[in-house]
Amino acid sequence: MSWEGATVAVTGLYDKGKTFVLNSLTSSNLPSGKKVTTKGISFKHVNVDNGTKLILVDTAGTYSPVKIENEFSIIDKEATETFISDLVFDIADYFLCVVNDFTSLD
């Protein structure tokens, strides 16, 4: 199976509605909601507008809460978020930045 099309990444802070926006724009049904969080990166291949092919990249978001398990928990979380962010910016052709409400981080 080959995936063709433009790669569109959805980025933004943790718990701002990135997956909801993807689902709304593409009539997809990726799991979303207050009780569901995206882990790392999710990919989905969709056809929209009668043949426009897209590869959707949904991300976990940045600045998510950290469960402190040891002295490296925060460092590990920051390194993981940086890796995911760098990877997404390398592979995507287009970006949607979802902002639900403005904070100093936005």
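The values are calculated or read from the model by the stated rules, or taken from the named source; none is laboratory data. It should be emphasised that the depicted structure is a prediction, and the values quoted were computed from it without experimental measurement. In this analysis, Cβ positions are derived from the backbone assuming ideal geometry, glycine residues included, and neighbour counts consider all displayed protein chains. Note: areas computed on protein heavy atoms with side chains; ligands, DNA, RNA excluded. Shrake-Rupley method; radii C 1.70, N 1.55, O 1.52, S 1.80 Å.
Here are the numbers:
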quantity	calculated
Lone qualifier among I84, I75 - being in contact with a strand residue (DSSP E or B) (Cβ under 9 Å, 6 or more places away or on another chain), at pLDDT 90 or above and either open to solvent by 60 Å² or more (accessible area, probe 1.4 Å) or assigned to a helix (DSSP H, G or I) (or both)	I84
Residue, least open to solvent (accessible area, probe 1.4 Å), within the range 11-31, restricted to residues that are among the small types (G, A, S) and more than 25 Å from E78 (Cα to Cα)	S28
Matching residues in the range 29-58 - criterion: being in contact with a Lys or Arg (Cβ under 6 Å, 6 or more places away or on another chain) and of a type in the set (S, T, N, Q)	N47
The lone exception for A9 - which of (1) over 10 Å from the mean Cα position of the chain (by Cα); (2) hydrophobic (A, V, I, L, M, F, W, C); (3) modelled with pLDDT of 90 or more it fails	(1)
